[in-house]
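Here the structure is laid out as structure tokens; the discussion comes afterwards.
The values are calculated or read from the model by the stated rules, or taken from the named source; none is laboratory data. Just so it is clear, the structure is predicted and the values come from calculations on it, not from any experiment. All Cβ positions, glycine included, derive from the backbone under ideal geometry; neighbour counts span all protein chains shown. For accessibility, only protein heavy atoms count, side chains too; no ligands or nucleic acids. Shrake-Rupley method; radii C 1.70, N 1.55, O 1.52, S 1.80 Å.
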Number of protein chains: 2
Amino acid sequence: MQRKATALDVAKRAGVSRSAVSLVLNGRGDGNVAKESQDRIRQAAADLNYSPNPIALSLRNQRTRVIGIVSDEVVVSPFDGNIIGGADDVARAHGFVTVVMDTERDASRDESAVETLLDRQVDGLMYVTVGLKPLDVPQGMLRVPSVLANCYDSSPAPRLHHVIPDEVSGGREATEHLLQLGHRDIAFLAGAATSPAVPLRIVGHREAMAKAAIPVREDRVFMAGWDINDGFHGAMGLLSATERPTAIVCANDRLAIGVALAAARLGLSVPRDLSIMGYDDESRIAATMVPALTTMALPLREMGAAAMSMLLGQIEDPARRPTSDGSGHLETMVPCRLVVRESTGPVPAL
Amino acid sequence: MQRKATALDVAKRAGVSRSAVSLVLNGRGDGNVAKESQDRIRQAAADLNYSPNPIALSLRNQRTRVIGIVSDEVVVSPFDGNIIGGADDVARAHGFVTVVMDTERDASRDESAVETLLDRQVDGLMYVTVGLKPLDVPQGMLRVPSVLANCYDSSPAPRLHHVIPDEVSGGREATEHLLQLGHRDIAFLAGAATSPAVPLRIVGHREAMAKAAIPVREDRVFMAGWDINDGFHGAMGLLSATERPTAIVCANDRLAIGVALAAARLGLSVPRDLSIMGYDDESRIAATMVPALTTMALPLREMGAAAMSMLLGQIEDPARRPTSDGSGHLETMVPCRLVVRESTGPVPAL
DNA sequence: TTGAAAGCGATACCAT
DNA sequence: ATGGTATCGCTTTCAA
């Protein structure tokens, strides 16, 4: 592997000095360097396939064009992977590179991940979580421009901008979809109590029911958990009763799988006898379920992109960083998206 | 954010020169610097919370301690995420950081991802794929130490070391597990034809059947696809026939979900009437299925760790890089791991 | 219009 | 034993 061409090589070939090369290649040639020299320099650079050494640039400019991303569990999750994908797209488009450190659900690794990244001189930081949650913001994040994606500063006076999904309207629109199909007895399997998304979605559900003037039966709304077996057991309880709901909204697509399993075991046909809604639009799951799952898609890519745009904005214009006086608008809320497939249908005739 | 301490700051505080600081902090103090000065230097470094600037180090040493990882689709996959997790663990333990670029299934982005990474002066490269596959190795990977994880050089004379799972024994052991439970009529839903893992697992299946002296019915082994609906339709065909298999091996856990759905719809109880095996041990799926899935776990973390160890070895000792004469052992095969849960059981009595 | 020189932070060689 | 100096590759200021 022969050494890459440096600015000096280009200068020699063009018969000028390094400074001239630098000026021209950075668009500040006009008025400083003779038109003719400019051409020679550009030609030489092209010949040698020159591009400046980013390491040297970083050292010189004190900016690395690297964004550090800390994630609580990307590497095992199809979810926030998409947030990172959206963020990375935006970063790449601006000539930045992302370095992600995953703490694998071990919050005690947060600080050290941030320090490692800071040590590497990242220009900005982003913290991404799989599920919506309050975050005990690592100290280091306050030292450089930073944003939060799918989580929010848990301190009394939030200091960082965050981007989160609009869970209330997500819950509301899910229920509204079912309402429009004529359902009146709708159950809501709401995930696990630890997630702040849960109460928000329930609020949305209640709003929709209230608007339709339908009372919410308390035994129809409960925390089930997040996994297939949770959905299964929740549904078995709901569906074995003499009076069973005609539709079930699940807090994620895996719960919906459990519900579908339960329905099949009980001889119920979906969506003829029972409508099922998922949440997340999990890739490789929702679209290929049998029947294909109607679900509420989380706007993960958009969230990642929005968070990164916000961050890059702060980096290039430090004035945009949130002020410590707690003023200003620190929240971006992205709407969820209803995806209608085949697991929901008209309410069965009585 | 006040500036970080530099070697010069430490030198001043200790009343010595930068060189002395460098020597001492790199363990080459003895014989060069007075014991007393050494102590003062170490003390000063601790006081100032000094650590060398990695950017400056990179420029100076021409090594960045950054490993570039190109992945074909991590960000949407719970699978190779684990490979990367395993790789990252090892890298971190050696003071390296990983930068991953995901091409999101667009092979035309391979070269540019590699170039971006190379441009950033990574010390080594790793290419990771979700499923086993031959790889058209990006040119750039030949310019620095590189390894392949879950894929292999498709060229006639492989130039890069690769780490892959032992699919043949995976297929064999899956079938053997069922054989031990007394099953004789075993179906094999084998994924999609495009994956090289498919024929390998089938070979394993046939080996196991042959060893048990059971003829393989050709209508019992076929490519179904990789998704839930594929498993469902495959199983509906298999299970609606008058003579149905007592066990089905699936090429992944999502297929197994489809099979379970079909079984439930047909009123078949698992594992009483039908045993189902998955493959992958996909997180959040296999362990929480109803019933919990017996499955063949892919050794993803181990593969990532093995690949990274290999790579770091090559970086610190270039002599270990594969020679272009095609000699040497370029393959590391990692065994799969049977995980027995509840979806498999004794063959039903006739 | 051009080139020489300083500096970003660290290491290694070479005098002293 | 110690400190001065060149070097890594680049940008920027300043003199010519």
Original post:
Placing +1 at every Lys and Arg Cβ and -1 at every Asp and Glu Cβ, with all other atoms neutral, what dipole size does chain B have around its Cα centre, in debye to the nearest 20?
Top reply: 1160
Subject >> Rounded FRET efficiency, nearest 0.05, which uses the C-beta distance separating A:His94 from B:Gln139 and R0 of 25 Å >> reply: 0.45
Original post:
Expressed in nm to one decimal, what extension gain is obtained for the pair A:Arg159 and A:Arg18 from 0.36 nm per residue of sequence separation less their Cα-Cα distance?
Top reply: 46.4 nm
Subject >> Relative contact order (%) - criterion: Cα under 8 Å, at least six apart; region: chain A >> reply: 17
Subject >> Angle in degrees between helix A:167-180 and the longest Cα principal axis of chain A, rounded to the nearest 10 >> reply: 40
Original post:
Can you list the residues, at least 5 places off or on another chain, whose amide H is less than 5 Å from the amide H of B:Ser343, using H built in the peptide plane?
Top reply: B:Thr294
Subject >> Inter-chain Cβ neighbour average for residues A:291-304, partner chain, 10 Å >> reply: 1
Original post:
Shortest first, in nm, what separates the label point of A:Pro335 from those of the same position in the other copies (7 Å along Cα→Cβ)?
Top reply: 5.6
Original post:
Taking the Cα atoms only, what angle lies between the long axis of helix B:110-119 and the longest principal axis of chain B, rounded to 10 degrees?
Top reply: 20
Original post:
Using the eigenvalues of the Cα gyration tensor, what equivalent ellipsoid semi-axes result for chain A when each is taken as the square root of five times the eigenvalue, whole Å, largest first?
Top reply: 53, 21, 17
**OP:** Give me the distance in nm between label points sitting 7 Å out from Cα along the Cα-to-Cβ direction at B:Asp39 and A:Asn32, one decimal.
**Re:** 5.2
Original post:
Which lysines have a Cα lying under 23 Å from the Cα of B:Lys35, excluding residues fewer than 8 positions away in the same chain?
Top reply: B:Lys12
**OP:** Subtract the Cα-Cα distance of A:Glu243 and A:His329 from 0.36 nm times their separation in residues, and report this length gain in nm to one decimal.
**Re:** 26.2 nm
**OP:** For B:Asp185 paired with B:Arg60, estimate the spin-label separation in nm (one decimal), with each label point 7 Å from Cα along the Cα-to-Cβ line.
**Re:** 7.4
Original post:
What span do the alpha-carbon atoms of region A:266-343 cover on each of the three principal axes, reported in whole Å from largest to smallest?
Top reply: 61, 22, 16
Original post:
Full extension from B:Val203 to B:Glu316: what is 0.36 nm times the residue separation minus their Cα-Cα distance, to one decimal in nm?
Top reply: 36.8 nm
Original post:
In sequence order, what are the phi-derived ³J(HN,Hα) couplings for region B:91-99 according to the Karplus relation 6.51 cos²θ - 1.76 cosθ + 1.60 with θ = phi - 60°, rounded to whole Hz, with x for glycine and proline?
Top reply: 4, 4, 4, 9, x, 9, 10, 10, 10
Subject >> Loss of accessible area when B meets A, both sides summed, Å² nearest 100, probe 1.4 Å >> reply: 4900
**OP:** From other protein chains only, count the Cβ atoms within 10 Å of every residue's Cβ in B:279-290, then give the mean.
**Re:** 5
Subject >> Distance histogram in 10 Å bins (all Cα pairs of region B:7-52, percent per bin) >> reply: 33, 62, 5
Subject >> FRET efficiency, B:Glu218 to B:Thr194 (Cβ-Cβ, R0 25 Å, nearest 0.05) >> reply: 0.75
Subject >> region B:7-52: relative contact order as a whole-number percent, Cα under 8 Å and 6+ apart >> reply: 42
Subject >> Interchain or long-range residues, amide H under 5 Å from B:Asp280's placed H >> reply: B:Met296, B:Ala297, B:Leu298
Subject >> Under 5 Å, built H, 5+ apart or other chain: amide partners of A:Ser146 >> reply: A:Leu125
**OP:** Work out, in µm²/s and without decimals, the Stokes-Einstein translational diffusion coefficient of region B:167-298 at 10 °C, 1.306 mPa s, Rh from Kirkwood over C-alpha pairs.
**Re:** 112
Subject >> Net +/- balance of residues flanking B:Glu176 in space, Cβ distance below 15 Å, scoring K and R +1, D and E -1 >> reply: +2
Original post:
Between chain A and chain B, with a rotation axis joining them, whose C-beta in A is nearest that axis, and what is the whole-Å distance?
Top reply: A:Ala264, 2
Subject >> Partner lysines for B:Lys211 [C-alpha distance under 24 Å; skip if fewer than 8 residues away on the same chain] >> reply: none
Subject >> 10 Å Cβ neighbours from other chains, averaged over peptide B:259-268 >> reply: 4
**OP:** Place the peptides A:229-240, A:268-279 in order of packing, highest mean first, counting for every residue the other Cβ atoms within 10 Å and averaging per peptide.
**Re:** A:268-279, A:229-240
**OP:** Extending each Cα 7 Å along its Cβ direction at B:Arg337 and B:Arg105, get the distance between those two points in nm, one decimal.
**Re:** 2.9
Original post:
How far is A:Ser51 from the same spot in each other copy, in nm, shortest first, if each label point sits 7 Å from Cα toward Cβ?
Top reply: 2.9
Original post:
All other residues with a Cβ under 11 Å from the Cβ of A:Gly124 taken together, and with Lys, Arg as +1 and Asp, Glu as -1, what is their net charge?
Top reply: +2
Subject >> Integer Hz, Karplus 6.51/-1.76/1.60 couplings in order for region A:8-19, x for Gly and Pro >> reply: 5, 4, 4, 4, 4, 4, 8, x, 9, 9, 4, 4
Original post:
Using alpha carbon centroids, what distance separates region A:131-176 and region B:198-256, in Å?
Top reply: 46
**OP:** Could you please report the charge total around A:Arg18, scoring K, R as +1 and D, E as -1 over all other residues with beta-carbon less than 11 angstrom from its beta-carbon?
**Re:** 0
Subject >> Distance histogram for the protein assembly as shown (every C-alpha pair counted, 10 angstrom bins, percent rounded to whole numbers) >> reply: 3, 13, 20, 22, 19, 12, 7, 3, 1, 0
Subject >> Nm distances between copies for B:Ser112, ranked from closest, using label points 7 Å along Cα→Cβ >> reply: 3.7
Original post:
In percent, what relative contact order does region B:87-157 have, based on Cα pairs under 8 Å that are 6 or more apart in sequence?
Top reply: 27
